[in-house]
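All of the numbers you see were taken from the coordinates with simple rules; none came from a lab. Since we're looking at a predicted model, the values are computed, not measured. Cβ sites come from the backbone with ideal geometry, for glycine too, and all protein chains shown count toward neighbours.
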Amino acid sequence: MTTATPIQLKSYDKLFIGGSWVEPSSDAVIDVISPITGEVIASVPEAREADMDRAVAAARKAFDEGPWPRMTPAERAEALVRVGDEVKKRIPAMAEAFTLELGGPAAISTLFHQNAVDMWDDAATFHERFTFEEERTWKDGRGKVVREPIGVVAVIVPWNGPVATASLKISPALAAGCTVVLKPAPEGPVTTMMLAEALEAAGLPEGVISVLPAGREVGDHLVGHPDVDKISFTGSTVAGRTVMTRAAEKIKRVTLELGGKSAAIIADDIELDSFLPGMVFGGIGHSGQVCAALTRILVPRERQDEVVAAIEAVMKSVKVGDPRDPDTFIGPLAAERQQKRVLDYIEIGKQEGARLVVGGGKPAHLDRGWYVEPTLFADVRNDMRIAQEEIFGPVLVVIPFDSIDEAIAIANDSDYGLSGAVYAKDRSLAQDIARRVRTGQISVNGYAMCVVQPFGGYKQSGLGREGGVEGFDAFFETKLIQEF
């Protein structure tokens, strides 16, 4: 066990602007509080508006005058490979920092950062799969359709997976020839400062990339900056609306990856032991702090008791505790306010009349840290708040249905449409259900977030796609050059 080991992370006293570490414009700092203990373990500078202005100016100059957008796609790809190599070298350190500052269990922390490497490596191949220019002819005309990088991109990422989420956005933006200003959340900023070190080591041209941890007000300043051409944002749906509203003032391009309340539909012909542990882990892994988590479990009414008992057994079998322990599956929530939010939703579920099966509070054996037990509600109606609102914690709800058509209707009766899963022995049935559920990504007889193919949401889960060539295309403008 490692619970008695003191926790400390490297602190930073400079910001990464335009490829160099520079003095911040103010003395403001972000204290990094470990969710394991509630104690301060590091600090980083808190960027202010003046710092953002400096970063945007560097990005603007690099795009308008610098070599980066004028390199060939293959030359930029070589730089992306170097970034991926530098991130790979840092996986152990990044994973440890993620565990200490955000509470991610060790195995998940390593996986998240390996995913980041995969994103950089995949982005380095986009140019081989993308049409940058094509000749076209039409009645009475001919010309070229060319795709040009959008320009300066503001990338804003949340705390639940900052390096992976940032990599999913930055790598295609850079591959396209854009320049980037990254604003990570004030929670868990150390891993993103490590990403800045990797970017520095990769030797990108001056001005191409900046990394500035900051709060919402400074993020709003970045979104509204007149020299920012596009915003790529991941966060809550509420915050996404604000970003979209600000972007609309100057009709800026936006990509939004927002909230989710994803459904798993279980058919009546499949054995539970073939998939159930993976499904549960897809709902409560990283303490449920994943936008694509499977949090609504839709089951045939006659199988509800069987499924509930099986989920309960899985939840009782997982270890909740110090995320530094390799046997731990559920660590703390990332912030004290997040713990309070989840506990409040559990109380709401009780008040709404849902049946609490297991969990429902703080683990009795842990006297500090921001933990919540894996929690399961049964006999849930889809109009309950715990079935409609994103909780972002280790809370699953079981909703019974009487027909496949009803199950699909329940799955689609949501403001969200980010992810989902179907479990059915009949593959034809599974494919039919998958096509009818209105969601951006759905798994059949398994569950995984694919990071190198298009990911994004229907409805209020977002706008646009990230990953794959579809995500790459989001960083281009299309121009027609007519020839006479």
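Annotations for the structure displayed:
- Extension gain, Lys459-Arg337: 0.36 nm per intervening residue step, less the Cα-Cα distance, totals 41.2 nm.
- Segment 101-152 versus segment 418-484: alpha-carbon centroid distance in Å: 15 Å
- For the listed residue pairs Lys183/Lys362; Lys89/Lys183; Lys316/Lys350; Lys169/Lys250, the alpha carbons are over 25 angstrom apart in Lys183/Lys362.
- Residues of segment 96-138 with amide N under 20 Å of a point placed 7 Å along Cα→Cβ from Lys10: 96-104, 109-117
- Relative to the Cα centre, the charge distribution of segment 185-282, modelled as +1 at Lys and Arg Cβ and -1 at Asp and Glu Cβ, gives a dipole magnitude of about 580 debye.
- Dipole of segment 262-451 computed with +1 at Lys/Arg Cβ and -1 at Asp/Glu Cβ about the Cα centre; of Pro332, Pro374, Ala434, farthest Cα towards the positive end is Pro332.
- Linear extension gain, Ser43 paired with Asp426, 0.36 nm per residue minus alpha-carbon span: 132.5 nm
- DSSP bridge pairs, the chain: antiparallel proportion in percent, nearest 5: 45 percent
- When the chain is described by a simple charge dipole with +1 on each Lys and Arg Cβ and -1 on each Asp and Glu Cβ, the residue from Gly467, Val56, Gln482 located farthest towards its positive end is Gln482.
- Phi angles across segment 463-468 convert, under the Karplus curve 6.51 cos²θ - 1.76 cosθ + 1.60 with θ = phi - 60°, into 3J(HN,Hα) values of 8, x, 10, 10, x, x Hz, Gly and Pro given as x.
- Between helix 73-89 and the chain there is an angle of about 50 degrees, using the helix long axis and the longest principal axis of the Cα atoms.
- In a DSSP loop and with at most 14 other Cβ atoms within 10 Å, the trypsin sites (Lys or Arg not before Pro) in segment 304-356 are Lys319.
- Low-density loop positions, GluC sites (Glu not before Pro), segment 243-335 - DSSP coil, at most 14 other Cβ in 10 Å: Glu249, Glu271
- Taken over the Cα atoms of segment 262-451, the convex hull encloses 113 Å³ per residue.
- Taken about its Cα centre, the chain carries a charge dipole of roughly 560 debye when the Cβ of each Lys and Arg holds +1 and the Cβ of each Asp and Glu holds -1.
- Here the sum of -39500 (n - 2.57) over DSSP H runs of 4 or more residues, divided by the residues of the chain, equals -11500 deg cm²/dmol at 222 nm, to the nearest 500.
- Contour minus Cα-Cα distance for Ile251 and Lys144 (0.36 nm per residue): 36.0 nm
- Taking Cα atoms only, the orientation of helix 237-248 departs from the longest principal axis of the chain by about 20 degrees.
- Compared with the dominant Cα axis of the chain, that is its longest principal axis, helix 91-102 is turned about 60°.
- DSSP-defined antiparallel bridges as percent of all bridges, segment 262-451, nearest 5: 15 percent
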